[in-house]
């Protein structure tokens, strides 16, 4: 049975930090499911379909990665997919407390599924989707921080491709 991990998130949008973590995790797991969280109460810039398409294009050279959506409890989704781990990235100490609480709750709900933390690559330690969107909306140069499709979609979304 393959070692499967679920990499959950809103991915609004996916960044090169996410991709770096995913590529390193592929050295540990046979298959990774990028699970885009669907939360109707959360305001996202991109629709779930747009996010999934950007992820799909960004990972087209990685057949050992699949893309899916989920709603509800992450551990229920991971159990359904026969995953043995939940993959999470840590950028800084500020991420740790929240992620630790989530991991402990997930362990309490489903002791057979481990949470595996990978440190964000030093090159991307400052990067988050929120910070990236803030820079993009004000016309900041985000080239090289996101996959090419995301770069173009952000420029299009904020009307930066005109003249």
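The values are calculated or read from the model by the stated rules, or taken from the named source; none is laboratory data. In this text the structure is predicted, and so the values were computed from the model without any measurement. Positions of Cβ are generated from backbone atoms using ideal geometry, with glycine treated the same way; all protein chains shown enter the neighbour counts.
Observations on the model:
- Residue check, residue 154 within 16 Å of residue 11 (Cβ to Cβ) and modelled with pLDDT of 90 or more: yes
- Top-ranked residue in the stretch 22-33 [being without any contact (Cβ under 8 Å) to a residue 40 or more places away in the chain and assigned to a loop (DSSP other than H, G, I, E, B); ranked as farthest from residue 5 (Cα to Cα)]: 27
- Test: residue in the stretch 92-113 that is within 24 Å of residue 146 (Cβ to Cβ) and in contact with a helix residue (DSSP H, G or I) (Cβ under 6 Å, 6 or more places away or on another chain): no
- Restricting 57, 36 to residues that are at pLDDT 95 or above, touching a helix residue (DSSP H, G or I) at 6+ places or on another chain (Cβ under 6 Å), surrounded by 14 or more Cβ atoms within 10 Å (Cβ to Cβ) and not in a strand (DSSP E or B) narrows the list to 57.
- Filtered residues of the stretch 1-21 (kept if outside any strand (DSSP E or B) and under 22 Å from residue 73 (Cα atoms)): 3, 10, 11, 12, 13, 14, 18
- Some residue of the stretch 47-63 being at positive phi and more than 15 Å from the chain's Cα centre (by Cα): no
- Meets criteria (part of a strand (DSSP E or B), exposed (fewer than 15 other Cβ atoms within 10 Å of the Cβ) and modelled with pLDDT of 95 or more) for residue 69: yes
- When 136, 92, 78 are checked against the criterion of being surrounded by fewer than 11 Cβ atoms within 10 Å (Cβ to Cβ) and either free of Cβ contacts under 8 Å to residues at least 40 places away in the same chain or under 25 Å from residue 50 (Cα atoms) (or both), 92 stands alone in meeting it.
- Which listed residue is more than 24 Å from residue 29 (Cα to Cα), surrounded by fewer than 17 Cβ atoms within 10 Å (Cβ to Cβ) and free of Cβ contacts under 8 Å to residues at least 60 places away in the same chain, from 110, 148: 148
Yes/no matrix, rows are residues, columns are (1) surrounded by 11 or more Cβ atoms within 10 Å (Cβ to Cβ); (2) under 17 Å from the mean Cα position of the chain (by Cα); (3) not in a loop (DSSP other than H, G, I, E, B):
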{"residue": "100", "(1), (2), (3)": "yes, no, yes"}
{"residue": "104", "(1), (2), (3)": "yes, no, yes"}
{"residue": "127", "(1), (2), (3)": "yes, yes, no"}
{"residue": "141", "(1), (2), (3)": "no, no, no"}
{"residue": "152", "(1), (2), (3)": "yes, no, yes"}
